[in-house]
Amino acid sequence: MTPVRWGILSTARIAPQKVVPALRKSAAHEVAAIASRALPTARAAADALGIATAHGSYEALIDDPTIEAIYNPLPNPMHVPLTLAAVRAGKHVLCEKPFALHAAELDVLRPYADKVHIREAFMVRHHPQWHAVRAHVRAGDIGSLRFMQVPFSYFNDDAANIRNQAALGGGALYDIGCYAITAGRWFFEAEPEQAVALIDTDPAFGTDRLTSGLLGFAGGGQLAFSVSTQSVRFQRAQLVGTTGRIEIEIPFNAPQAGATRYTIQRAGSTEQTITVPAADQYQLQCEAFSHAIRFDAPTAAGLDEAAAGLRVIDALFASAKSGRVERP
């Protein structure tokens, strides 16, 4: 297919380290431009990454008539306003997670959902290990999925870091709790009906440095997770069924150039470790988005998916405040 011309809306670290290299791996994309709030910053990034065009403002990139798709990795509160500006200009947008701080904020994008493609960037849903494990669940290899446990943490107490700034949507639930929620929704293939949360707030930053959540799904299935920005670096995903279990070793930060592993124990058998060949989940995500641009009609499905996840986050914050079970 004709390569999709991408513009990168910011020099945020994830763009040069993860997304631009991923885009470069496929003939389906052309990284045509990058923007920053200052032209020298954009130019330096463009030179370092071998990108032809640098823009000294986000608006200049959005107005660039040669750009078809925009990747938006800006701070969380800027996701919706800049995505709105881009879709009004006729650009397709792949926006970093979380798409917004509250589900209702996405409503302003809905008038454009049938005109351009708008999606939230959850690369994990494109990794082959997630598809392989879901295939086991669907096939009944562990019986009926009853509960999941997901710990996910790292340590960062830098006050200047965006993840520790409440006004910019920092904190554990927004940054990494969204991955645990996505995992539950993906493997249960349903939306949670109940949400309970406990939050420990950093007294200096005002962000949640530790959040534990419990989600209840139709049929009685449950996801329990704990996410922290001030704990040792760790992640796992445990899926426990009526007759077996699966453990994913690196469910979220899978290496872009390395293999991954998961362990499955079926009824009456010993544990089996399965190696999934190296796959770049960022590349697969961008390829899927570019393919949709070329071959699929835009729909509101991407916004619906993002809103469903954000409603869970809204409910968890509400539960931590009310001390009650909340409904997403």
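The mean sequence distance of close C-alpha pairs (under 8 Å, at least 6 residues apart), as a share of the length of the chain, puts its relative contact order at 19 percent. Here's the picture: charge each Lys and Arg Cβ at +1 and each Asp and Glu Cβ at -1 in segment 252-328, and of Pro255, Thr299, Ala288 the one pushed furthest to the positive end of that dipole is Pro255.
Between segment 123-157 and segment 231-290, the alpha-carbon centres lie 7 Å apart. Of the residues Val19, Gln194, Thr270, the one whose Cα sits farthest toward the positive end of the charge dipole of the chain, with +1 on the Cβ of Lys and Arg and -1 on the Cβ of Asp and Glu, is Thr270. Suppose every Lys and Arg Cβ carries +1 and every Asp and Glu Cβ carries -1, with no other charges. What dipole size does segment 183-328 come out with about its Cα centre, to the nearest 20 debye? Once rounded to the nearest 20, the dipole reads 300 debye.
The tail of the calculated P(r) for segment 216-328 beyond 20 Å holds 65 percent of all Cα-Cα pairs. Which angle between 0 and 90 degrees, to the nearest 10, do you get for helix 281-295 versus the longest principal axis of the chain when only C-alpha atoms count? Roughly 60 degrees, rounded to the nearest 10.
Here the chain is treated with +1 on each Lys and Arg Cβ and -1 on each Asp and Glu Cβ, and its dipole about the Cα centre works out to around 380 debye.
Using the charge dipole of the chain (Lys, Arg: +1 at Cβ; Asp, Glu: -1 at Cβ; taken about the Cα centre), state which of Thr243, Ser153, Leu316 has its Cα farthest towards the positive end. With unit charges placed on the Cβ atoms, the residue in question is Thr243. Considering only Gly219, Gly56, Gly184, the mean-square fluctuation computed in a Gaussian network model of the chain, springs between alpha carbons under 10 angstrom, is largest for Gly219. The count of lysine pairs in the chain that are at least 8 places apart or cross chains, and whose C-alpha atoms lie under 29 Å apart, stands at 9.
Largest mean-square fluctuation among Pro192, Pro73, Pro277, in a Gaussian network model of the chain whose springs join Cα atoms under 10 Å apart, belongs to Pro277.
Would any residue of segment 51-91 have its amide N under 19 Å from a label point 7 Å out along Cα→Cβ of Ala166? List them or say none. Residues 76-78 qualify, since their backbone N sits under 19 Å from the label point.
When the alpha carbon gyration tensor of the chain is reduced to an equivalent ellipsoid, the three semi-axes, largest first, read 33, 23, 19 Å.
Rounded to the nearest 10 degrees, the angle from helix 128-139 to the longest Cα principal axis of the chain is 40 degrees. Spread over its residues, the convex hull of the C-alpha atoms of segment 152-306 is 165 Å³ per residue. Taking packing as the residue-averaged number of other Cβ atoms within 10 angstrom, the listed peptides 318-324, 126-132 run from highest to lowest as 126-132, 318-324.
Using only side-chain charges placed at the Cβ, +1 for Lys and Arg and -1 for Asp and Glu, the dipole size of segment 1-113 relative to its Cα centre rounds to 280 debye.
Take every pair of alpha-carbon atoms less than 8 Å apart whose residues are at least six positions apart; their mean separation over the length of segment 169-328 yields a relative contact order of 23 percent.
Assuming a viscosity of 0.692 mPa s and a temperature of 37 °C, what translational diffusion coefficient in µm² per second does Stokes-Einstein assign to segment 1-53, Rh being the Kirkwood radius over Cα pairs? Taking Rh from Cα pairs, D becomes 297 µm²/s.
To one decimal place, what orientation-averaged projected area in nm² is obtained for the convex hull of the Cα set of segment 18-126?
Mean shadow area of the hull around the Cα atoms is 7.1 nm².
Since every read-out is calculated from the coordinates, none of them should be taken as a lab result. These numbers were taken from a predicted model, which means no experiment stands behind them. All Cβ positions, glycine included, derive from the backbone under ideal geometry; neighbour counts span all protein chains shown.
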